[in-house]
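The values are calculated or read from the model by the stated rules, or taken from the named source; none is laboratory data. Worth saying up front: this structure is predicted, and the values here are computed from it rather than measured. Glycine gets a Cβ as well: all are built from the backbone with ideal geometry, and neighbour counts include every protein chain shown.
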Amino acid sequence: MPVPTPEPRHLDDGCPLCVAERLTVWHHEDDVCWVADCTICATPMVVWKGHGTEPPDHERGHMMAVLLRVATERLGAHWVDANMRNIPDHFHAHARPEGGFFGPGGGPGRLVP
């Protein structure tokens with residue numbers, strides 16, 4: 001059976017998550033998503049590589065599994081915050097430390113030298 005060709009992803013040149021500058025430490029990247037420390041709250045954040053708010057279910061599941069792995073390594077106990085406060089038109093979710101909101105040191109994220 002042939003492997004389906006993925007549909008091209010829509011990107012928005014004006015969206016900071018589509019541009020995906022490496023401003024903080026990155027923990028993961030693949031064809032579906034990337035995970036880096038958020039520049040505002042210093043927690044691991046998974047970002048869909050397509051511009052929009054509704055990734056397909058199988059990609060959303062993949063992203064949550066990747067975020068779980070990274071967050072467990074970095075934070076231990078955590079909860080997932082999928083409220084897209086500052087960039088509401090591009091799917092992303094943060095892993096927040098159990099009982100908290102900001103990452104180690106209280107934010108901002110560790111900048112790349």
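Among the aliphatic types (A, V, I, L, M), touching a Cys at 6+ places or on another chain (Cβ under 7 Å) and modelled with pLDDT of 95 or more, is that true of V70? Taking the combined requirement at face value, the residue does not satisfy it. Among the residues of the range 60-87, the ones that are within 13 Å of the chain's Cα centre (by Cα) and closer than 15 Å to C38 by Cα come to 9 in all. Collect the residues in the range 8-32 that are part of a strand (DSSP E or B) and modelled with pLDDT under 95, keeping them in residue-number order. Correct list: T24 only.
The rows are residues; the columns are (1) surrounded by 13 or more Cβ atoms within 10 Å (Cβ to Cβ); (2) under 21 Å from R22 (Cα atoms); (3) of a type in the set (D, E); (4) free of Cβ contacts under 8 Å to residues at least 60 places away in the same chain.
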residue: V46; (1), (2), (3), (4): yes, yes, no, yes
residue: G50; (1), (2), (3), (4): yes, yes, no, yes
residue: E54; (1), (2), (3), (4): no, no, yes, yes
residue: H58; (1), (2), (3), (4): no, no, no, yes
residue: V66; (1), (2), (3), (4): yes, yes, no, yes
residue: R69; (1), (2), (3), (4): yes, yes, no, yes
residue: R74; (1), (2), (3), (4): yes, yes, no, yes
residue: H78; (1), (2), (3), (4): yes, no, no, yes
residue: D81; (1), (2), (3), (4): yes, no, yes, yes
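Note on the range 83-99: residues that are in contact with a Leu (Cβ under 9 Å, 6 or more places away or on another chain), at pLDDT below 95, surrounded by 13 or more Cβ atoms within 10 Å (Cβ to Cβ) and in a loop (DSSP other than H, G, I, E, B) total 1. Of the residues that sit in the range 33-54 and are of a type in the set (S, T, Y) and within 12 Å of the chain's Cα centre (by Cα), which one is modelled with the lowest pLDDT? Here the answer is T39.
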